[in-house]
Amino acid sequence: MMGLEATDANGGGPASINVRVIDGDTIVLDGERIRIVGMDACELGQTMILDGRQWDCGEAGRIRMVQLIGSSAVRCDCERRDVYGRRVARCFVGELDLGRQLVAEGLAVVYRFRGRPTAPELVAVEAEARRAGVGIWSADEIIDPGAHRRGGRN
């Protein structure tokens, strides 16, 4: 477990708590699930073909989130709760926005609700990752996480 500072949008101040990485877009803070806002990482077990070999993009996103957090303090600015009751938050290590970083590295896409980006500021970041051909954008066939969950499983 790693130390974490969480800022609660409901008026609570920073508190030292523990964090555990579930996958590329979900962490657990002191026993409560936090969904990183505005991005959608590959699901655990989701694979794509990269250079002719199967690549577990879900595990790659989870590992990268663990690397980015390391043993550093994390600050989460909780924005709301989702339909599943999870907090939805923008989380940082220092000044590094964890969600933005995974999108920039092609390990997550911009989360869209009814076709609209929930974090419009990440659209250009995703476009640059796509242009650069990093992460999922270098796969032979791309299945975005939402399509994977809806049955486009591989």
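Taken together, the values in this text are just the output of simple stated rules run on the coordinates, not laboratory data. Computed from a prediction, not measured in an experiment: that's the story for all the values here. Every residue, glycine among them, receives a Cβ derived from its backbone with ideal geometry; neighbour counts consider all protein chains shown.
For this structure, a couple of remarks:
- A convex hull fitted to the Cα coordinates of the chain yields 114 cubic angstrom per residue.
- Pairwise centroid distance, computed over Cα atoms, of segment 23-59 with segment 74-96, Å: 16
- About the Cα centre, charge dipole magnitude for the chain (Lys/Arg +1, Asp/Glu -1 at Cβ), debye: 440
- Degrees, to the nearest 10: 123-132 long Cα axis against longest axis of the chain: 40
- For segment 63-104, alpha-carbon Rg over 2.2 N^0.38 Å: 1.22
- Residue-averaged 222 nm ellipticity for the chain, from DSSP H runs of 4+ at -39500 (n - 2.57), nearest 500: -6500 deg cm²/dmol
- Sequence-distant contacts, meaning Cα pairs under 8 Å at least 6 residues apart, place the relative contact order of segment 39-154 at 30 percent.
- Taking other Cβ atoms within 10 Å as a rough exposure proxy, 39, 65, 48 sort from fewest to most as 48, 65, 39.
- Working note: Karplus 6.51/-1.76/1.60 with θ = phi - 60° gives segment 67-82 the couplings 5, 5, 6, x, 10, 6, 6, 10, 10, 10, 9, 6, 9, 5, 10, 8 Hz, where Gly and Pro are set to x.
- Neighbour-limited loop hits for trypsin sites (Lys or Arg not before Pro), segment 110-146 (at most 11 other Cβ within 10 Å; DSSP other than H, G, I, E, B): 114
- Selection of chymotrypsin sites (Phe, Trp or Tyr not before Pro), segment 51-149, meeting DSSP coil and at most 12 other Cβ within 10 Å: 84
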